[in-house]
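*Asks:* Sharing a structure here in structure tokens format.
The values are calculated or read from the model by the stated rules, or taken from the named source; none is laboratory data. Only a predicted model underlies this, so the values are computations on that prediction, with no experimental measurement involved. Counting neighbours? That spans all protein chains shown, and the Cβs are built from the backbone with ideal geometry, glycine included.
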């Protein structure tokens, strides 16, 4: 059995005082004032992070979002990747708007634009989410 496995296997049998002591031995400072079951989970996470590395920032953000919003929170909208050559078409005030997706931006009105939001702002004169303006988001959100 590896050192990590041994350390993880020992956690369930540790008292609250032993868990706090182990936390401090790891150089984590004073143990957080949480129930022993949560401190066990935190210690297990820290031990695994030391062995395998920390979670990617994207995963940490998603975990924080779920913790703050509750388990019934809606997942983040998936990112829409547009393939070069795709044409987006919509109508604004009776005028057709046609945008071509390029490798390095978007073509509209004989110009290259960095984002769909810039085009939406140009067309409407108001701040718009480009993906929302072009109907690329679910339920118009």
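*Asks:* When you scan region 62-73, do you find a residue that is surrounded by 13 or more Cβ atoms within 10 Å (Cβ to Cβ) and modelled with pLDDT of 85 or more, even just one?
*Replies:* For region 62-73, residues surrounded by 13 or more Cβ atoms within 10 Å (Cβ to Cβ) and modelled with pLDDT of 85 or more: absent.
*Asks:* Oh, and also: Only one of 77, 90 is surrounded by 10 or more Cβ atoms within 10 Å (Cβ to Cβ), at pLDDT below 95 and in contact with a strand residue (DSSP E or B) (Cβ under 9 Å, 6 or more places away or on another chain); which?
*Replies:* After applying the criteria, what remains is 90.
*Asks:* Follow-up. Looking at 121, 111, 132, which is the one that is out of contact with any strand residue (DSSP E or B) (no Cβ under 7 Å at 6 or more places or on another chain), surrounded by 14 or more Cβ atoms within 10 Å (Cβ to Cβ) and over 20 Å from residue 81 (Cβ atoms)?
*Replies:* Every option except 121 fails the conditions.
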